[in-house]
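First comes the structure, then the notes that go with it.
What follows draws every value from the coordinates through simple rules; no lab data is involved. Computed from a prediction, not measured in an experiment: that's the story for all the values here. Note that we place each Cβ from the backbone using ideal geometry, even for glycine, and neighbour counts take in every protein chain shown.
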Amino acid sequence: MNDSGEFAPQCPIPRSEYEHVVLAHGGGGRLTRQLVEKMILPRLGNEFLDRDHDGAVLPPQEGEMAMTTDSFVVDPIFFPGGDIGDLALNGTVNDLVSCGAEPMYISLSLILEEGLAMEDLWKIILSIERASSTAGVMVVTGDTKVVERGKGDRIFINTTGIGSVVPGLRISPRHCTPGDVVLINGSIGDHGIAILSARDGLGLEAGVKSDTLALNRMMSVVFRHRKEIHVLRDPTRGGVAGTLNEICLASGTGILLDENELPVKDGVRGACELLGLDPLYVANEGKMLVILPEAHAEEVLSIMRDHEEGMESRIIGRVTEDHPGMVRMHTAIGTTRIIDMISGEQLPRIC
Amino acid sequence: MRMARVRFGEAVREICIQWVPEAGIGDYILAHVGTALSKVDEEDAAFMLEALREMVLNRTQSNS
Amino acid sequence: MVTSEHTLMEICGGQTHTIMRYSLQELLPEEITLIHGPGCPVCVTPAENIDAAITLAADPRVILVSFGDMLRVPGSRDDLLSAKARGGDVRMVYSPMDALEIARKNPHKETIFFGVGFETTAPAVALTIRQAHMRAIVNFSVLVSHVRVPPAMEFLLSSSTSRVEGFLAAGHVCTVMGTGEYLPIAEKYRVPIVVTGFEPVDILMGIRESIRMLEEERHGVVNAYSRAVRPEGNPAAKQLLGEVFEVVDCRWRGIGWIPLGGFMLTEAYRDFDAMIRFGLHTEQSDENIVCLAGEILTGRMIPTECPAFSVRCTPEKPLGAPMVSPEGACAAYFRYGRHR
């Protein structure tokens with residue numbers, strides 16, 4: 001993952017008379033064209049994007065299609081472990097994976113604030129290029145708008161993704177069944193803490209990088225081997241706790257977590273203690289909760305652990321018919337407590 | 001004002017340590033909102049951690 | 001070893017949090033009842049002080065800086081986060097010293113720090129004010145709302161309806177103030193007061209020591225947090241505290257006037273008082289009459305006994321401070337204990 005503030009020296013920003021974005025770049029005229037032709041097409045171009053239509057005409061697919069959309073308003077736009085471009089691409093890819101789909105096509109809408117440095121826009125486009133190449137998806141259509149200075153926070157991005165549902169998969173929170181186990185592919189709370197440490201005013205060096213990552217390569221192998229997966233969800237805002245609560249409410253089952261099994265990086269733990277946060281409620285951007293029958297857990301775990309993004313995969317809990325609709329946890333000292341749905345936004349503009 | 005970089009787990013922050021003059025590098029301190037209030041006796045702390053471990057062990061054993 | 005029923009109180013939001021987060025009540029015999037006292041400084045900050053902070057935040061010349069947990073606590077109408085949404089420059093910091101940095105970096109605005117907290121926090125604010133004084137930073141002031149624990153303890157014990165037989169004293173407050181202030185209280189009311197830390201083991205040890213004393217009919221002060229607390233506390237911090245702040249009667253939200261229950265700036269530093277600088281006067285505000293914070297904070301009622309609890313009063317739509325503050329008893333019960 002590229003650290004914030006650096007771009008590969010072999011991709012210098014194209015020369016332009018503008019060092020900053022101006023309103024005309026969003027006007028639809030000559031400057032918009034220049035922006036697209038000089039900055040976007042050279043990096044993201046493909047047979048669909050180059051065709052110059054207002055939209056992309058895609059080849060027919062067999063089977064069901066999945067579609068998802070997400071907007072990204074993260075502040076700051078560059079942070080340890082990535083930037084808003086990474087989030088925008090990986091976030092939508094992962095949402096498609098949560099539907100049991102192979103991600104294929106992405107649309108990219110940019111809302112730029114007048115005055116945004118072209119250097120910054122360039123870095124973000126390079127990130128999107130890298131992320132889409134890693135995930136094996138194509139940006140097939142997009143849009144660029146510019147708003148006046150002060151009316152938008154540097155850059156907002158919306159991505160919509162389309163993917164092809166893997167036949168045989170029936171993913172839905174309602175399929176969560178007592179006896180299932182809950183898996184996760186790695187440590188929790190990394191992204192939220194990375195964002196917080198990048199924000200001014202808290203003086204925190206947590207040494208934690210955002211975990212933003214596309215998980216489709218790993219999950220694709222899982223899907224090939226096991227179709228009996230009941231629930232998939234990426235625990236972004238609200239963290240693992242928020243996501244599992246939603247699943248319990250939708251399925252009417254209960255979930256029991258084991259605090260001793262929760263993977264938390266030292267830097268995250270320290271930062272959370274300092275700031276009074278609970279890692280269970282902190283956002284993640286490269287994690288997937290996988291709920292499936294216990295019988296297949298070992299096999300799926302070993303597939304996930306074969307991939308770098310799943311090296312720390314483990315079982316963190318099980319689904320039960322006790323306490324329907326509620327998440328509980330065996331604490332590190334052996335007692336049991338409720339993991340409630342948190343109200344309100346603990347940390348604003350995390351993704 | 002004497003300041004020091006203090007590690008909380010793996011997170012690091014600058015803390016004012018002028019009220020704990022006896023603390024040196026490697027010592028454990030108790031800090032609150034950016035100020036160190038007391039040096040923590042390491043032996044005592046180790047004793048507590050051991051007590052916690054034992055408590056967890058006893059509990060898990062009695063649960064199984 | 002417990003032969004009769006006992007009721008203990010802890011006065012520290014951090015301890016309340018640990019007890020609820022680790023479900024420590026599960027590990028205690030039925031005869032022991034733990035009541036959560038007014039240990040959440042956020043919960044006892046008078047609504048009129050929050051209203052003053054909101055008024056100041058609305059002033060375009062002002063940057064209002066606060067600890068994170070004060071931002072969502074409602075005053076008599078709304079909270080600081082709403083003031084921010086309306087365009088006020090409201091910022092969150094971990095340490096009051098960070099507020100001074102903000103003042104230094106913004107010389108054309110007035111930076112006001114909302115000083116909330118017990119004797120654990122007040123020294124850091126005192127340090128900040130002294131630094132501002134020494135470095136002649138003129139665009140910095142403090143909205144003072146600090147409170148003291150021992151007077152609150154006395155107030156609770158002196159009430160005829162008090163059920164409390166023993167206290168777990170807040171360990172972190174004692175790292176600064178030492179244990180001396182509790183001796184006269186323990187003597188006068190003949191109760192055990194055990195200085196206790198924050199980890200689950202610390203709290204269990206504190207409880208065990210209190211129960212042992214009660215069973216043996218002993219009273220007095222015991223330090224069960226000796227790894228961090230010395231009997232004399234931290235003399236340097238205490239000295240600075242005394243130089244910048246003096247003791248004053250003040251209102252605790254939901255409870256009322258507590259004699260000598262708070263701090264105000266000494267004459268030498270009164271220039272840094274934001275209320276004086278901006279010519280504000282606080283008027284006692286009317287509290288929501290449905291909110292029974294007073295009963296909860298003094299331990300006369302547990303949150304689940306309040307008719308509004310989890311029905312009309314939830315963390316999304318709180319009627320009072322103990323439900324909004326993460327260390328408030330009602331919020332703790334809502335998150336961890338309401339299904340019991």
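A few points about this structure:
- Here is the short version for chain C: C:C12, C:C174, C:C250, C:C291, C:C306, C:C313, C:C330 have no other Cys C-beta closer than 4.7 Å.
- Neighbour-count order for C:I211, C:I102, fewest beta carbons within 10 angstrom listed first: C:I102, C:I211
- R0 of 60 Å, Cβ-Cβ distance A:H323-A:R15: FRET efficiency to nearest 0.05: 0.45
- Annotation: amide H-H contacts under 5 Å for C:W252 (H modelled 1.01 Å from N, sequence separation of 5 or more, or interchain): C:W257, C:I258.
- Computed from the C-beta positions of C:Q239 and C:E215, the FRET efficiency with R₀ = 41 Å rounds to 0.55.
- Global geometry of region C:208-340, whether rounded, prolate or oblate, following the gyration tensor of its Cα atoms and the 1.5 cut on a/c: oblate
- From its DSSP helices (H runs of at least four residues, each -39,500 (n - 2.57)), chain C gives a residue-normalised ellipticity at 222 nm of -9500 deg cm²/dmol.
- Between region A:137-216 and region A:272-312, the Cα center-to-center distance that results, in Å: 14 Å
- Qualifying GluC sites (Glu not before Pro) for region C:282-337 [loop in DSSP, other Cβ within 10 Å: at most 12]: C:E283, C:E316
- Taking A:L112, A:L23, A:L96 as the candidate residues, the one with maximal mean-square fluctuation in a Gaussian network model of chain A, Cα springs under 10 Å, is A:L23.
- From the alpha carbon centroid of region C:209-288 to that of region C:34-94 is 20 Å.
- Treating r as the C-beta distance of C:R86 and C:L260 and R0 as 41 Å, the FRET efficiency rounds to 0.65.
- Loop-located trypsin sites (Lys or Arg not before Pro) in region C:160-227 (DSSP state not H, G, I, E or B) with no more than 16 neighbouring Cβ atoms inside 10 Å: C:R163, C:R190, C:R218.
- Long hydrophobic helices in chain A, taken as whole DSSP H segments with a C-alpha length of 15 Å or more on their own axis and mean Kyte-Doolittle hydropathy at least 0.0: A:84-98, A:118-135, A:239-251.
- Per-residue 3J(HN,Hα) values for region A:314-319, derived from phi via the Karplus relation 6.51 cos²θ - 1.76 cosθ + 1.60 with θ = phi - 60°, read 7, 7, 10, x, 9, 8 Hz in sequence order (x marks Gly and Pro).
- With neighbours defined as other Cβ atoms within 10 Å of a residue's Cβ, the residues A:C11, C:C40, A:C176, C:C330 order from fewest to most as A:C11, A:C176, C:C40, C:C330.
- Max mean-square fluctuation residue, GNM over chain A, Cα-Cα springs under 10 Å, options A:L121, A:L277, A:L41: A:L41
- Principal-axis analysis of the Cα atoms of chain C puts helix C:149-158 at an angle of about 50° to the longest axis.
- Prolate/oblate/rounded call for region C:1-287, Cα gyration tensor, a/c under 1.5 rounded: prolate
- Note on chain C: with a GNM built from Cα contacts shorter than 10 Å, the maximum mean-square fluctuation among C:V90, C:V221, C:V201 falls on C:V201.
- Cα gyration tensor shape of region C:288-337, rounded if a/c is under 1.5, else prolate or oblate by comparing a/b with b/c: rounded
- Burial ordering of C:M213, C:M97, B:M1, A:M67, fewest other beta-carbon atoms within 10 Å first: B:M1, A:M67, C:M213, C:M97
- Long-range HN-HN contacts of C:V2 with modeled amide H, under 5 Å: none
- Our helix-only sum for chain A, with -39,500 (n - 2.57) per DSSP H run of n ≥ 4 divided by its residues, gives a mean residue ellipticity at 222 nm of -8000 deg cm²/dmol.
- The separation of region A:69-96 from region C:302-321, counted between C-alpha centres, amounts to 37 Å.
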